[in-house]
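Okay, so here's the structure we're looking at.
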Amino acid sequence: MPGSPLPSASARPGLIVGVLAFAGMAASFMQTILIPIQAELPQLLGASRDDTAWVITVTLLVSAVCTPISGKLGDMYGKRRVALVLLMILVAGSVICALSPTVVPLIIGRGLQGAGMGVVPLGISILRDAVPPHRLGSAIALVSATLGVGGALGLPLSAYVTENFDWHALFWLAAVISLVALILFAVVVPADTVRNGGRLDLIGALGLALGLVGILLAVSKGNQWGWTSPATLSCLIGGVVVLLVWGVYELRVTNPLVDIRVSARGPVLMTNLASIAMGFALFSSSIVFPQLLGLPTQTGGLGLTLLSASFVLMPSGLAMLAMSPVAGRLERRLGPKPLLVAGALLIALSYIGALAFDLDVALVLVFNILIGVGIGLGYAAMPTLIMQAVPRSETGAANGLNTLMRALGTSIAAAVVAVILTESSVAFGDVMVPSSAGFQAAFACGLAAAAVCAVIAFFIPKPKPHPEEQASLPEGVL
């Protein structure tokens, strides 16, 4: 209820943080689980390549729609309660995928898995109430980093399973991980007392869903449909128009799904814009490095197997984890804004190195670790910047929207880099492979995105919460 007293710091904050981080990694693991068998899905499922592409796309769409909605539901009815429901949905989706003999049930299951991504912003919001102020920065850094860590650590695990077992075993593994996360969450994470109550803005939820689906469909399918095709333009223009109308509607609703006025505050707006740029910078390397490592040496690649390439990429996720306590200490001393600027500059420096040197396995390992460190710093700073500028009652929705902005950046990066690599491809036997010039152009895009993130972050203004919001913040957060 609004105005409820804040819960006291838990006697077991370390255990709570560990469970929230594990739940976040369980959800983000679903983003890379199919990468080892993505090219084989048409044969495995007896379906066309266009149909099996929806197995990947549906997870992106559902995740984008559900993340801000689940954040709002958490503010209204309890973050722990909503997170538990999302983890149940994640388990159900994984089991459906594991039992799927054809493409349609697999798409349904993958859609349910996408809903689980809302656990990450809810977990970050729970930290604000469950962790002592002096540990909040490190805890936020750890849970926020799971957006990247789960994928980085999950890739070699997925590659190993697919090389040694039937592909359905991937989803049984996902179901077990999700079930463990659900049980731990139910046992360890305490119930939160700060709730708004009220009714969900159903029209706002529908409008946001339609707008996001339109834009993300255009971005994710534009390379396949054609960027000037009627389908792509209809989705893109339709999505933008719906979101504009949705924004006007949200300004007039008593209890909106997204408080546009709060989201338009300078610190919140600029942090979200920086999040888009950092998401783009992250995913540029996530697309280019795996392809560069896996291509035959005759084409300028490094000739590694998927499993070997996964182990080269995995330390980036470990670097994000390792940066959590460091980021927490730096945030307490310097504040979150310098952390975000430093993270973006470190990513930019990594891309400069990738452009300046002839890459081998060792250099890819080093530059990808540096990008992981930069992402760890940036992802630690963003939720803190958001929570400094919004009332406690809006924490879940605001973090959900910020997570959506990161995902939007990665989606745009996927589309842009795919176009660059496709247009620059050269013939190698009977197939087309990306050229060195294409990789360089993709690195340049990642560099530009990191630079834009650093500039935006530098100009993020200091938040000025209302007096009642100031009183609700734990000492040390501002």
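The values are calculated or read from the model by the stated rules, or taken from the named source; none is laboratory data. Computed from a predicted model, the values in this text were never measured in an experiment. No Cβ is skipped: glycine too gets one built from the backbone with ideal geometry, and neighbour counts run over all protein chains shown. Just the protein is used for accessible areas: all its heavy atoms, side chains included, with ligands, DNA and RNA removed. Shrake-Rupley method; radii C 1.70, N 1.55, O 1.52, S 1.80 Å.
Descriptive notes on the structure:
- At the residue level, Tyr351 shows approximately 0 square angstrom of accessible surface with a 1.4 angstrom probe and all protein chains present.
- Normalised per residue, the accessible area of the stretch 44-183 is 31 Å², obtained with a 1.4 Å probe and no contribution from ligands, DNA or RNA.
- Rounded Å value of the spacing that divides the Cα centres of the stretch 159-174 and the stretch 331-384: 32
- Every helix of 4 or more DSSP H residues in the chain counts as -39500 (n - 2.57), and over all residues that averages to -26500 deg cm²/dmol at 222 nm.
- Projected label points at Asn255 and Arg199, each 7 Å from Cα along the beta carbon direction, are separated by 0.9 nanometres.
- Paramagnetic label zone (point 7 Å from Cα along Cα-to-C-beta, Tyr160; backbone N under 11 Å) in the stretch 288-313: 311
- Value in Å of the Kirkwood radius, where the stretch 144-184 supplies the Cα pairs that are averaged: 11.1
- Rh by Kirkwood over Cα pairs, then Stokes-Einstein D for the chain at 1.306 mPa s and 10 °C, µm²/s: 71
- Alpha-carbon geometry of the stretch 1-145: the Rg and the Dmax are 17.5, 57 Å, given in that order.
- Amide proton proximity set for Phe428, modelled H, under 5 Å, gap of 5+: Val433
- The figure for Met117 is an accessible area of roughly 10 square angstrom, using a 1.4 Å probe on the protein chains alone.
- Note that the stretch 201-288 presents 44 Å² accessible area per residue, ligands and nucleic acids not counted, probe 1.4 Å.
- In percent, rounded to a whole number, the relative contact order of the stretch 372-472 is 29, using alpha-carbon pairs under 8 Å and six or more apart.
- The chain, accessible surface, carbon-and-sulfur percent (1.4 angstrom probe): 71
- Per residue, the accessible area of the stretch 336-423 comes to 28 Å² when a 1.4 Å probe rolls over the protein heavy atoms.
- Only one residue of Gly211, Gly239, Trp225 has its Cα farthest out toward the positive end of the dipole of the stretch 171-260, where Lys and Arg carry +1 and Asp and Glu -1 on Cβ, and that residue is Trp225.
- Charge tally in the Cβ shell below 12 Å around Val326, where Lys, Arg are +1 and Asp, Glu are -1, Val326 excluded: +2
- Rounded to the nearest 0.05, the FRET efficiency derived from the C-beta distance between Ala264 and His134 at R0 = 30 Å is 0.40.
- When you restrict to C-alpha pairs under 8 Å that are six or more residues apart and normalise by the size of the stretch 130-244, the relative contact order lands at 18 percent.
- If R0 is taken as 56 Å, the Cβ-Cβ distance between Ala231 and Phe357 corresponds to a FRET efficiency of 0.85.
- In the stretch 109-195, the chymotrypsin sites (Phe, Trp or Tyr not before Pro) that fall in loop regions by DSSP, at most 14 other Cβ within 10 Å: Phe165
- Cα-based helix-to-principal-axis angle, 133-164 vs the chain, degrees rounded to 10: 30
- The stretch 226-267 versus the stretch 115-144: alpha-carbon centroid distance in Å: 27
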